[in-house]
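Below: the structure, in structure tokens.
The values are calculated or read from the model by the stated rules, or taken from the named source; none is laboratory data. Keep in mind that this is a model prediction, so the values were computed, not measured. Cβ sites come from the backbone with ideal geometry, for glycine too, and all protein chains shown count toward neighbours. We work out accessible area using only protein heavy atoms, side chains counted, and drop any ligands, DNA or RNA first. Shrake-Rupley method; radii C 1.70, N 1.55, O 1.52, S 1.80 Å.
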Amino acid sequence: MEFDISWILLGFPAAFVLGWLASRFDLRQIRRENRSAPKAYFKGLNFLLNEQQDKAIDAFIEAVQNDPDTAELHFALGNLFRRRGEYSRAVRVHEHLLQRADIGKAERDRAQHALALDFLKAGLLDRAEDALARLDDTPYENEARLSRLAIYERAHDWPQAVQIARQMQSNGQGDYSVRIAHYLCEQAVAQQAQGKLDAARALLHEAQSEAPRAPRPRIELAQLQHKHGEPASALSTLLELAAVSPSSVPLVAPLMVELAKTDDRKAEVRNLLRANYASDPSLDVMQSLVQMDELGMVPAAIPPLGREWYIEHLAHEPSLVAAGRWLAEETLSHEEHHPAIQRALDTAVKPLTRYRCAACGFEARQHFWQCPGCQSWDSYPPRRVEEQ
């Protein structure tokens, strides 16, 4: 049977026409899909810019339905759910992304990070910790460790906080030595409350080694020594503190006076307080000097100033607190009005004797190492509101 070449010649045009028709059909389909997805996407963006989040979510859901394989639409939708507080829906979106096999490592890491943020915002700290731990060796590693550190602080899991802070420091994310010292001090306080004094001392000495110039480890150690009948050791610890951190002396000046009552280093303590006050006048140091003079804790060769310290302070600082304390012991020409005047002064100066957080402005009657309001560390200056 002979092969007729004319069939081949007739087949070429037919194949060309069929191919052209198929391509036109595919192109029309692609154009139709591409028109519908961007239209819904841009509509969602428009709603978002106009702060119409409900309508934006509806538009993005429509866009995802039209193009379920687009990861960016899922991220936009998940972030919107999180911002609205719909954390369970945000979690479902990001978990769906993680279950897909067609996304690359970069998008998978991004989805894992978004999922961790969902759990954090929802307050599911255990699940957030697990999600953040999966971000090691990813571009989000440093941010994830910071978030884990915040979780451990909120949970008062101080050993874990020490561990993660040391990892961050060894990786060059900053100097966390003072923060680590705080964590060790927190553990020491807990050990002391349980009667485990040796463990508490060991932690405080470790904290001193971690941050030699940080004031808290020595202050905590001196308080522990004082509480358990070691006044000489406690005073020595505070004298060391004054050498490495003179600015923190106002926090411990009253305790130094208390310890000096039963020690033969009264003159040393008074000279230290006087030198500290001369270099940087402080209400607490001044009051401690007044107390020492009134108790006769002054060498015989030195005339005590007593309440004249208030006048000396007023000569340099316009202090309502110092003026009120001086007037408390003065005799007025109308002495019958003195109690009422003194009560008014005491009420007026009470807010001035508080401590104030430099980060958020939270005020308290006592000094805190970590602000109860904003959770910042070392944000309370060792001085009263009037002195700031």
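At-a-glance table
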quantity: Number of the exception - HIS182 against (1) out of contact with any Leu (no Cβ under 8 Å at 6 or more places or on another chain); (2) at pLDDT below 95; (3) not hydroxyl-bearing (Ser, Thr, Tyr); calculated: (2)
quantity: Some residue of the stretch 329-346 being touching a Pro at 6+ places or on another chain (Cβ under 7 Å), closer than 30 Å to GLU268 by Cβ and either among the acidic types (Asp, Glu) or at pLDDT below 75 (or both); calculated: no
quantity: Out of LEU132, LEU80, LEU97, sole residue that is open to solvent by less than 20 Å² (accessible area, probe 1.4 Å) and free of Cβ contacts under 8 Å to residues at least 24 places away in the same chain; calculated: LEU132
quantity: Per-region count, the stretch 158-190, residues open to solvent by 50 Å² or more (accessible area, probe 1.4 Å) and under 16 Å from ALA222 (Cα atoms); calculated: 1
quantity: Contacts under 6 angstrom Cβ, first residue in the stretch 259-283 being of a type in the set (Lys, Arg), partner open to solvent by less than 80 Å² (accessible area, probe 1.4 Å) and assigned to a helix (DSSP H, G or I), 6 or more apart; calculated: LYS266/ALA260; ARG270/MET292
quantity: Selection from the stretch 242-261 of residues that are touching a Leu at 6+ places or on another chain (Cβ under 9 Å), open to solvent by 10 Å² or more (accessible area, probe 1.4 Å), part of a helix (DSSP H, G or I) and closer than 19 Å to GLU294 by Cα; calculated: LEU255
quantity: Scope the stretch 342-376; condition under 16 Å from GLU386 (Cβ atoms), of a type in the set (Ser, Thr, Tyr) and not in a helix (DSSP H, G or I); matching residues; calculated: TYR355
quantity: Subset of the stretch 275-296 that is modelled with pLDDT under 90, open to solvent by 10 Å² or more (accessible area, probe 1.4 Å) and more than 34 Å from the chain's Cα centre (by Cα) - its residue that is farthest from ALA328 (Cα to Cα); calculated: ALA278
quantity: Residues of the stretch 100-119 classified as under 20 Å from TYR87 (Cα atoms), open to solvent by less than 40 Å² (accessible area, probe 1.4 Å) and aliphatic (A, V, I, L, M), total; calculated: 4
quantity: Any chance ALA234 is at pLDDT 90 or above, closer than 21 Å to GLU329 by Cβ and surrounded by 21 or more Cβ atoms within 10 Å (Cβ to Cβ); calculated: no
quantity: Count - residues of the stretch 92-109 that are touching a Pro at 6+ places or on another chain (Cβ under 9 Å) and not small (Gly, Ala, Ser); calculated: 1
quantity: Residue count for the stretch 199-218, restricted to those that are open to solvent by less than 10 Å² (accessible area, probe 1.4 Å), in a helix (DSSP H, G or I) and among the hydrophobic types (A, V, I, L, M, F, W, C); calculated: 3
quantity: Failed item, numbered, when ASN271 is tested on (1) touching a Phe, Trp or Tyr at 6+ places or on another chain (Cβ under 6 Å); (2) open to solvent by 60 Å² or more (accessible area, probe 1.4 Å); (3) not hydroxyl-bearing (Ser, Thr, Tyr); calculated: (1)
quantity: Tally of residues being closer than 30 Å to LEU204 by Cβ and more than 13 Å from the chain's Cα centre (by Cα) across the stretch 143-154; calculated: 1
quantity: Residues of the stretch 56-108 satisfying the condition of being modelled with pLDDT under 75, among the small types (Gly, Ala, Ser), part of a helix (DSSP H, G or I) and out of contact with any Asp or Glu (no Cβ under 9 Å at 6 or more places or on another chain); calculated: ALA56, ALA59, ALA63, ALA76
quantity: Of the criteria (1) in contact with a Ser or Thr (Cβ under 9 Å, 6 or more places away or on another chain); (2) in contact (Cβ under 8 Å) with a residue 40 or more places away in the chain, which one HIS182 fails; calculated: (1)
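Each row is one residue, and each column tells you yes or no for (1) without any contact (Cβ under 8 Å) to a residue 12 or more places away in the chain; (2) under 24 Å from CYS185 (Cβ atoms); (3) open to solvent by less than 80 Å² (accessible area, probe 1.4 Å).
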| residue | (1), (2), (3) |
| --- | --- |
| TRP309 | no, no, yes |
| ALA322 | no, no, yes |
| HIS334 | yes, no, no |
| HIS338 | yes, no, yes |
| GLN366 | yes, yes, no |
| GLN375 | no, yes, no |
| SER379 | no, yes, yes |
